[in-house]
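The values are calculated or read from the model by the stated rules, or taken from the named source; none is laboratory data. Keep in mind the model is a prediction, meaning the values are calculated, not measured. Here the Cβ positions follow ideal geometry from the backbone for every residue, glycine too, while neighbour counts run over all protein chains shown.
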Amino acid sequence: MVSRRWALFAVTVVLLAYGCLWLGRWQFHRLHDREATNAQVRQNLRAAPAPVADVLEPGRGLPQRDEWRRVTATGTYLPDESVVIRYQTRDGGSGVDIVTPLRTDRGPVLLVDRGWMKTGNVGADHVAAPAPASGQVTVVGWARVDATGSAAVVADGSARAISSKEIAKRLDGPVYGGFVDAQKETPAPATALVPAEQPDLGNGPHFFYGLQWWFFGVLAVFGFCYLAYDERRKLRAPPRPAGPDEPGAGSEGADHAAVDREHRAADEARSR
């Protein structure tokens, strides 16, 4: 009959194995989502540049499926409205991104992340951003989704992330939702900034994490089965006779000796 202890042990192992199975499947679902996203990004990166008005709309956020599409826009920069995006690192170096609004020839303003510049460990200090090209400029770049949260709030002309909703509060007129990481500017500025980094298209560790969780589940079931087998083997094993050095062996030997003496005494009495 199964003891209460073993029943609770079995229930615990079942729950543990199910949890490992669920976590493994969750990791594989994340892997499939990552693969689908990467496939969409690769397609967007390969596509020819499209007019900005075909991808972005004023006052509307950029759909996730359109991120990293290349767009082109022509207009005039508004350097006095530039926003410094702080705490950006490249290859271990500290720096900032410079976002400058571009008044497009269609009317709405497009936020352009012109690139990164090294500044050292700069927090609240003033950053002297290089001036953009003057006059009419044509920009080709990658459409990006707005950041959210407190990091995107603009204070004293700087923020920690880019949001068209937040920067639009500083500007007059309609502003395209999302922003653009500049790939090429024509004409080029006098001082070029480091272009934005390409997205990471790796699949991440999800595959190995999924296998790891499933291995833990199999290990839990195997461990329980082995312990149950070992317990059953011990219960069904025949009792082992006591050796001469084990408790009870000495007294049993003394009893046999006493019986032998009684038998010899009886035999001697009959022979007389």
Residues of the stretch 181-197 being loosely packed, with under 12 Cβ neighbours inside 10 Å and under 21 Å from Ala147 (Cβ atoms), which ones? Glu197
Please tell me if Gly178 is in contact (Cβ under 8 Å) with a residue 40 or more places away in the chain and over 30 Å from Pro132 (Cβ atoms). no
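When the residues of the stretch 152-180 are filtered to those that are charged (D, E, K, R) and under 28 Å from the mean Cα position of the chain (by Cα), which remaining residue is surrounded by the most Cβ atoms within 10 Å (Cβ to Cβ)?
Initially, the stretch 152-180 is screened for residues charged (D, E, K, R), giving 156, 160, 165-166, 169-170, 172.
Keeping just the survivors that are under 28 Å from the mean Cα position of the chain (by Cα) gives 160, 165-166.
Working: Arg160: 17, Lys165: 14, Glu166: 19.
Looking at residues that are charged (D, E, K, R) and under 28 Å from the mean Cα position of the chain (by Cα), I get Glu166.
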Checking Leu219 against (1) hydrophobic (A, V, I, L, M, F, W, C); (2) in a helix (DSSP H, G or I); (3) in contact (Cβ under 8 Å) with a residue 24 or more places away in the chain, only one condition comes out false. Which one? (3)
In this structure, does Thr138 turn out to be of a type in the set (S, T, N, Q), assigned by TED's automatic domain parsing to the domain that holds Arg86 and touching a residue at least 60 places away in the same chain (Cβ under 8 Å)? yes
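Give Thr100, Thr89 a once-over and let me know the one that is of a type in the set (Ser, Thr, Tyr) and at pLDDT 95 or above. So that I can check it myself, show each step before the final result.
Working: Thr89 fails: at pLDDT 95 or above.
Step by step, each of Thr100, Thr89 is checked, and only Thr100 is of a type in the set (Ser, Thr, Tyr) and at pLDDT 95 or above.
Within the stretch 38-45, does at least one residue satisfy the condition of being touching a residue at least 24 places away in the same chain (Cβ under 8 Å), touching a Pro at 6+ places or on another chain (Cβ under 7 Å) and exposed (fewer than 13 other Cβ atoms within 10 Å of the Cβ)?
Kept after step one, since they are touching a residue at least 24 places away in the same chain (Cβ under 8 Å), are these residues of the stretch 38-45: 38, 40-42, 44-45.
Then keep just the ones that are touching a Pro at 6+ places or on another chain (Cβ under 7 Å); that gives 41.
Filter again for exposed (fewer than 13 other Cβ atoms within 10 Å of the Cβ), leaving none.
Looking through the stretch 38-45, none of the residues is touching a residue at least 24 places away in the same chain (Cβ under 8 Å), touching a Pro at 6+ places or on another chain (Cβ under 7 Å) and exposed (fewer than 13 other Cβ atoms within 10 Å of the Cβ).
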